[in-house]
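Just below is one structure, and these are the notes that go with it.
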Amino acid sequence: MTLKKIAKMSTKSQISSELNDSISNVLGKNVKILYKSLIRMESRGDKVDNRVLVVTSYRIFITTTKIPTRIDNGFHLMEIEALESKKANHLSITLIHEHKPVSILIGEEGSPEGVINAIHALTAAFDDLFPNVAMEDIISKVNLPFPLQAVCGTRKHSTCGDFSNQYAAMCDLCQTPFRAEVAWDIDTIYLAHDIRLLHLKDFDHLDQRDLIPLLIALQHNTWFTGVCGDGVRVGSEAWEALSRVLRCAAPPPQQLSWRGASLRHDHAARLGHALARARTPPAMHTIDLSQNHIEDKGAISVLTGLANNPDGIRHIALSQCGLTGKTVSHLASLLNDNLCHLNTLTHLDLSHNNLKDDVHHLYNFLAQPNVLTHLNLINTETTLENMWGALLRGCAARLSALYVGRNPWAIGRRPRDPPPSFRQFFTACLALTDLDFSYCKMPPDALKSLLLGLACNESAAGVKLNASGALASSQAAHVLESCIHGVRCLQSLDLSDNSMEFELSGIVRAVGKNHSITHLSLSKLTGKRSYAPPLIQALVHVLQEPDTALTSLDLSDCKLKGDLYGLLNALGGARRLRTLDVCGNLAGDAGARLLAKALQCNCTLHTLYIDRNAFSLQGLTDIATALRRSVSVRRVEFPASDAAAGGRGASERVAALWRDLHERLASNSAASQTHRLRALALERAWGGGEAGAALAAQAAGALPPAPLPQALERAAAAAHHLLHQYLQRCGEVFAAMGGTNAAGELVPLQAVRDALAPSSNTLQDLLNEAVESMALAACESVESADSEHAINTDPDIPDLLTPISHSGKLDYLNLATPLGGRRRERGGRRVRPKSVAEQQCSSNEMLSLPPLHAEAADALADLPAHKLRHLVKGRPRRVKTRAPSRPITDQSQDIDEGLEEFWRTCRTPPGSEEASSLSARTALTSRSLHSLSSLASASPASPASPSPLRHSPTLRRDDTMYSVTSGESTPVLLECEVSRCKSSDNVGTKASSSTPPPSRSSDNVNAMGNGCARAAGKARPWSVAGVNADNASCTTEGVEACVGGSIVGITPGAALTSSMLRDHPLTPDGGEA
């Protein structure tokens, strides 16, 4: 039945045209009226008033019959809670917020025709608003003496279940403005991407009141299956609207996700109450309330509301919700009591909750046969050694992702042996793909059982193992190194946030022997940088192995600085590497220059991450320029941090750099013959075949253009012509049968071109492969001819060292002898030589990595022509922290050398009266001035005495420390000797003349000579002792306290003053004056 027939059967004829016009004027011209009828409305007592019932698209109005008319009552269709009929012509409408129902009489007494027509009008209005939803599902109580008939609406429904019209109706219900942008986004974006979950994040720019009609519109919508409010904080009114949707929705929502929205336990309690009082059984199978502090009270309320789901729960995520073992026990009891949940629950996330060991009920659930595929127990304070028996019995067949990181292995400090079920579980897993043991300080035996269990697993493949921060000791690292090469089911290994002191270089070499691991992550490594060079060398060795399987490497946030240069220099020889992440290593512009060179040499790298490396705009420009010659790089993450730091005030330059970078990468998206030949030239050049590389490079520019585009265009034109002729003949046949000939072109030329496009790509690939094989054969033939010519150039000179080279005993000589003059063998040069920029910008000079595949014959043949160079001879020497045990002497100098300048710098020259009186009062022992005896063994008047002279160190103060150099003495040295002499005199006769007194400083000063310097960073300021010559008095303890018992150059020294010389006279012969 249609609404037009209902209108004809109604009492519309009894309404005058003046009353119709008055009603239209009151309601407005834009309001669409679906039904009008005269009614009698019951008022006080038995009194009945004449009214007009008007049904519109969204509302029902009751107006007066007088002209001009007015609206006596009105309510929204969604406010109707019940429809009842006590008599044949009686209709009672109960509203949600009204206790007294609206009671009306339609038609003649005893005739139900008026009530039936009114109910059909309401059914049509609801069908216009909610298509494919019965009115009994919308109105909670319908009690009528006759059956309802299906009535079609008056309008055509829009996309997404007519959501735009429903949203407009709910805006009318909530008295909020209609936002056209919301309707457009739903009808366009959601429809195009087939999005069935309403994301409130797309509309969080609206006011909180504008979200209320958006949520209520989901109440009877058949397009959306749930709502996602991740990160959206809603008010109490919006949350009440969501509760209403869950309580009254038909069909009921199936998914609810509200992560990180600052929900509390009262929000969850209202949500659980709405699920428990739902009009229809809840069908929600997915709920995610992670990162909301709902506590046990809120979580138990929500789980109780979901327990009545007859279809079972599939996904439960309650991560970081402040839960304890109480909630887990309730959840386990719920799952165990309802068998349907055992057959439906696939995802369980309880991570970042303080569950501790109160999870025995959960273990009982896991031990039963279930379909769980994803289990997340990260950071739950659950001991790991107790759970493997349950997992082995119930989860071994289907579990694919297991996350148990940041949990202790056992309760006690002393670890016990792992249970047998631990190894048996990893051997029996059939579908395991993700395994997370990050920051689990497992004992070495447990790690060994894990690796051996995976090694014995013949069913699993492509497993990703996360062992970040899991290496607790060098013993665990040794276990990983010895076992990892045999685990063939691993695809990815994450060793991030481990210490480089655990010999990671050995682990990397072991990973290189595993031909199934394609991704290795070594990000955020800790430890001293002195362990970095062996690690880099091991990485280079693995990447340049011809049979390596490693295609992705992550070295982000390691702060390697100059140590990264060795890896960048070796990128050209990495033949399988596809993805490289070197973010956060502070390589500087020198690293950018080396990376630019590497990009021009590498022919396999596709993806590159280089941010946070302290690259300036010049360094980024170098990389962008190098991409012009790159043949493989297709994606480079834009270094936003470096560009923002270096591009302050140069925004236009940064924008130009960004455009340039994308233009360079766009050329590598489509492979062509030129790219293939350039990659082949790079490969031959790195392999040592100069002739083949030159041939490939020349062929890249000399080959004629591919004939496929022109041929395919001709083929498309010919096919289009044939199709056009065939369709003309078909049209003639239809015209002969009495039909009409279709006008226009049925198959355009562009459609034929689009149909041939896949064939064009396939043919281009075949052509590229054929050209590459031809170029490879040509390169090998040229190289073989070149090698024969090099061997037969001088046949008269015998190669005497060839038998020795085959023995392999002197292969190590290749490490120190550069190959020059002879033709390089294939694979001989694998690392680019060090750059000057690297030496200038890196304080830690890295050793040049040796060739990995060099023959000993070449090295031995070049021995007579090249001098051997020691690799470590050029290392900077350690700063000495101890003085030499023997005195430093020099036989080539005269004893008088330096004496005149020494006495000239002193304030009190020797021979003066002041010095004589000082010498008479103070007697110095020969032992106390043994370091000055070489200077004063002869009289100053006899400078020609041929006694040996020991160099006294000279104090020099630079920017970092006080250092002592070999040179002439200074007054500070003399003061040091005086202080040492005074300290020795205090000892008395108990101390032997040959045994120096103990020092109060941390260094054994008396056992050291004057050529020692304190380590950097311990320098102290100069002492002010002796500045005031009139008042300063330096006693034995005072002088020693000034210098601290240490040698000159380490502790502050006081300048030698006249008062000190007066009290302590010195003579050249070291005796009394």
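The values are calculated or read from the model by the stated rules, or taken from the named source; none is laboratory data. Computed from a prediction, not measured in an experiment: that's the story for all the values here. Every residue, glycine as well, gets a Cβ built from its backbone with ideal geometry; the counts of neighbours run over all protein chains shown. Surface accessibility is based on the protein's heavy atoms, side chains included, excluding ligands, DNA and RNA. Shrake-Rupley method; radii C 1.70, N 1.55, O 1.52, S 1.80 Å.
Working only within segment 129-140, note down all residues that are outside any helix (DSSP H, G or I) and open to solvent by less than 30 Å² (accessible area, probe 1.4 Å).
130, 131, 133, 139
Please determine, by comparing only the residues of segment 392-416 that are open to solvent by 40 Å² or more (accessible area, probe 1.4 Å) and in contact with a helix residue (DSSP H, G or I) (Cβ under 6 Å, 6 or more places away or on another chain), which one is farthest from residue 497 (Cα to Cα).
The selected residue is 393.
For segment 607-636, which residues satisfy the criterion of being at pLDDT below 90 and touching a Cys at 6+ places or on another chain (Cβ under 8 Å)?
Answer for segment 607-636, where residues must be at pLDDT below 90 and touching a Cys at 6+ places or on another chain (Cβ under 8 Å): 631, 632.
Which residue, of 182, 234, is open to solvent by less than 10 Å² (accessible area, probe 1.4 Å) and touching a helix residue (DSSP H, G or I) at 6+ places or on another chain (Cβ under 9 Å)?
Being open to solvent by less than 10 Å² (accessible area, probe 1.4 Å) and touching a helix residue (DSSP H, G or I) at 6+ places or on another chain (Cβ under 9 Å) holds for just one of 182, 234, which is 182.
Of these, 159, 123, which one is β-branched (Val, Ile, Thr) and open to solvent by less than 50 Å² (accessible area, probe 1.4 Å)?
Only one candidate passes the filter, namely 123.
Tell me, yes or no, whether segment 88-95 has at least one residue that is more than 29 Å from residue 242 (Cβ to Cβ), hydroxyl-bearing (Ser, Thr, Tyr), free of Cβ contacts under 8 Å to residues at least 40 places away in the same chain and open to solvent by 20 Å² or more (accessible area, probe 1.4 Å).
For segment 88-95, residues more than 29 Å from residue 242 (Cβ to Cβ), hydroxyl-bearing (Ser, Thr, Tyr), free of Cβ contacts under 8 Å to residues at least 40 places away in the same chain and open to solvent by 20 Å² or more (accessible area, probe 1.4 Å): absent.
Taking only segment 546-558 into account, find how many residues are assigned to a loop (DSSP other than H, G, I, E, B) and open to solvent by less than 50 Å² (accessible area, probe 1.4 Å).
In the first step, residues of segment 546-558 are kept if they are assigned to a loop (DSSP other than H, G, I, E, B); the result is 546-551, 555-558.
Narrowing further to those that are open to solvent by less than 50 Å² (accessible area, probe 1.4 Å): 548-551, 555-556, 558.
Counting residues in segment 546-558 that are assigned to a loop (DSSP other than H, G, I, E, B) and open to solvent by less than 50 Å² (accessible area, probe 1.4 Å) gives 7.
Give 259, 279 a once-over and let me know the one that is within 25 Å of residue 185 (Cβ to Cβ), assigned to a loop (DSSP other than H, G, I, E, B), open to solvent by 30 Å² or more (accessible area, probe 1.4 Å) and not hydroxyl-bearing (Ser, Thr, Tyr).
Step by step, each of 259, 279 is checked, and only 259 is within 25 Å of residue 185 (Cβ to Cβ), assigned to a loop (DSSP other than H, G, I, E, B), open to solvent by 30 Å² or more (accessible area, probe 1.4 Å) and not hydroxyl-bearing (Ser, Thr, Tyr).
Out of segment 162-178, which residues are out of contact with any Cys (no Cβ under 8 Å at 6 or more places or on another chain), open to solvent by 40 Å² or more (accessible area, probe 1.4 Å) and on the phi < 0 side of the Ramachandran plot?
Within segment 162-178, 172 is the sole residue that qualifies.
Within the set of pairs 6+ apart or on separate chains, which have a first residue in segment 230-244 that is at positive phi, a second that is open to solvent by less than 40 Å² (accessible area, probe 1.4 Å), and C-beta atoms under 6 Å apart?
Close Cβ pairs (under 6 Å, with a partner that is open to solvent by less than 40 Å² (accessible area, probe 1.4 Å)) amount to 231/260.
For the condition under 22 Å from residue 420 (Cα atoms), small (Gly, Ala, Ser) and open to solvent by 30 Å² or more (accessible area, probe 1.4 Å), what is the one hit in 476, 467, 455?
Testing whether each residue is under 22 Å from residue 420 (Cα atoms), small (Gly, Ala, Ser) and open to solvent by 30 Å² or more (accessible area, probe 1.4 Å) leaves just 455.
Would you pick out the residues in segment 101-133 that are without any contact (Cβ under 8 Å) to a residue 24 or more places away in the chain and not polar (S, T, N, Q)? Can you show your working first?
Residues of segment 101-133 that are without any contact (Cβ under 8 Å) to a residue 24 or more places away in the chain, as a first pass: 101, 108-111.
Across segment 101-133, the qualifying residues are 101, 108, 109, 110.
Looking only at segment 598-637, filter to residues that are more than 20 Å from the chain's Cα centre (by Cα) and β-branched (Val, Ile, Thr); which one of those is most open to solvent (accessible area, probe 1.4 Å)?
Filtering first and then ranking leaves 625.
Within segment 350-370, can one find any residue that is over 15 Å from residue 254 (Cβ atoms), in contact with a His (Cβ under 8 Å, 6 or more places away or on another chain) and modelled with pLDDT of 95 or more?
Within segment 350-370 (the criterion being over 15 Å from residue 254 (Cβ atoms), in contact with a His (Cβ under 8 Å, 6 or more places away or on another chain) and modelled with pLDDT of 95 or more), the answer is no, since none of the residues qualifies.
If you check residue 50 against the conditions, is it of a type outside the set (D, E, K, R) and surrounded by fewer than 14 Cβ atoms within 10 Å (Cβ to Cβ)?
Working: of a type outside the set (D, E, K, R): yes; surrounded by fewer than 14 Cβ atoms within 10 Å (Cβ to Cβ): yes.
Yes; evaluated as a whole, the condition is true for this residue.
Give the residues of segment 42-75 that are touching an Asp or Glu at 6+ places or on another chain (Cβ under 7 Å), touching a residue at least 40 places away in the same chain (Cβ under 8 Å), closer than 16 Å to residue 93 by Cβ and not charged (D, E, K, R), sorted by residue number.
Of everything in segment 42-75, those that are touching an Asp or Glu at 6+ places or on another chain (Cβ under 7 Å), touching a residue at least 40 places away in the same chain (Cβ under 8 Å), closer than 16 Å to residue 93 by Cβ and not charged (D, E, K, R) turn out to be 58, 62, 63.
Out of 379, 386, report the one residue that is touching a residue at least 12 places away in the same chain (Cβ under 8 Å), of a type outside the set (A, V, I, L, M, F, W, C) and surrounded by fewer than 18 Cβ atoms within 10 Å (Cβ to Cβ).
That would be 386, the only listed residue that is touching a residue at least 12 places away in the same chain (Cβ under 8 Å), of a type outside the set (A, V, I, L, M, F, W, C) and surrounded by fewer than 18 Cβ atoms within 10 Å (Cβ to Cβ).
Out of 198, 144, 215, report the one residue that is under 27 Å from residue 81 (Cβ atoms), over 33 Å from the mean Cα position of the chain (by Cα) and surrounded by 15 or more Cβ atoms within 10 Å (Cβ to Cβ).
Selected residue: 215, the only one of 198, 144, 215 that is under 27 Å from residue 81 (Cβ atoms), over 33 Å from the mean Cα position of the chain (by Cα) and surrounded by 15 or more Cβ atoms within 10 Å (Cβ to Cβ).
Filter segment 513-527 down to the residues that are touching a strand residue (DSSP E or B) at 6+ places or on another chain (Cβ under 9 Å), more than 13 Å from residue 554 (Cα to Cα) and open to solvent by 10 Å² or more (accessible area, probe 1.4 Å) and list them by number.
516, 526, 527
Considering every residue within segment 721-739, establish whether at least one is at pLDDT below 70 and exposed (fewer than 11 other Cβ atoms within 10 Å of the Cβ).
So far as segment 721-739 goes, no, none of its residues is at pLDDT below 70 and exposed (fewer than 11 other Cβ atoms within 10 Å of the Cβ).
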